[in-house]
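One structure below.
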Ligand SMILES: [Zn+2]
């Protein structure tokens, strides 16, 4: 059942990827943990989007329909902006996860920090994803690395601590 449901054409494209939904589910799961400090079975709700049928479009008759993806590489990665954005968020989200696990005394600062840093990092990444399309490969790669490093550094620099310590100095002290 890989053909178009209307015209039987084999030129059917999946419009959203499994990986994009997987990233989304994991980020939601982490958000639940960051805000509540615990993960119950109820949190598994975040994985429901993975099994909702995926949009496909036929390039011959241009009709769209929903069905489950096949097991092939381009079901996982279709190459759209959303995927690139979700993938680029990964380094900063891992950084924030490590910070929260190691320095949990954020006090109420966490409530401002989490949405704030998420918006700032998202903005930087979205601008990069849309503006870098026309660039030469080497420059695109260089800027991409710079973007990822900035999101990590910003996540560390703005990380709140209840007793006013600077988390940058705390990391330095632990490592020396
Ligand atoms: Zn068709």
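The values are calculated or read from the model by the stated rules, or taken from the named source; none is laboratory data. These figures come from a predicted structure and were not determined experimentally. With ideal geometry, Cβ positions are generated from the backbone for all residues, glycine too; neighbour counts draw on all protein chains shown.
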Given (1) more than 15 Å from the chain's Cα centre (by Cα); (2) away from the ligand (no atom under 16 Å from the Cβ); (3) surrounded by 14 or more Cβ atoms within 10 Å (Cβ to Cβ), where does residue 76 come up short, assuming only one miss?
-> (1)
Kindly indicate whether residue 106 is outside the structural domain of residue 32 (by TED's automatic domain parsing) and not in a helix (DSSP H, G or I).
-> yes
Go through (1) within 24 Å of residue 117 (Cβ to Cβ); (2) out of contact with any helix residue (DSSP H, G or I) (no Cβ under 8 Å at 6 or more places or on another chain) one by one and return the number of the condition residue 58 breaks.
-> (1)
Going through the range 155-166 in order, the residues found to be at pLDDT below 85 and either on the phi < 0 side of the Ramachandran plot or surrounded by 14 or more Cβ atoms within 10 Å (Cβ to Cβ) (or both) are 163, 165, 166
Scanning for something touching a residue at least 60 places away in the same chain (Cβ under 8 Å), surrounded by 15 or more Cβ atoms within 10 Å (Cβ to Cβ) and either in a helix (DSSP H, G or I) or in contact with a strand residue (DSSP E or B) (Cβ under 9 Å, 6 or more places away or on another chain) (or both), does the range 125-141 turn up at least one residue?
-> no
Hey, does the range 112-133 have a residue that's within 30 Å of residue 175 (Cα to Cα) and over 19 Å from the mean Cα position of the chain (by Cα)?
-> yes
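So that you can scan it fast, the table gives a plain yes or no per residue for (1) within 30 Å of residue 159 (Cβ to Cβ); (2) loosely packed, with under 15 Cβ neighbours inside 10 Å; (3) in contact (Cβ under 8 Å) with a residue 24 or more places away in the chain:
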| position | (1), (2), (3) |
| --- | --- |
| 6 | no, yes, yes |
| 31 | yes, no, yes |
| 39 | yes, yes, no |
| 51 | no, yes, no |
| 55 | no, yes, yes |
Taking the range 3-47 as the search range and keeping residues that are under 22 Å from the mean Cα position of the chain (by Cα) and within 16 Å of the ligand (Cβ to nearest atom), which one is nearest to residue 121 (Cα to Cα)?
-> 15
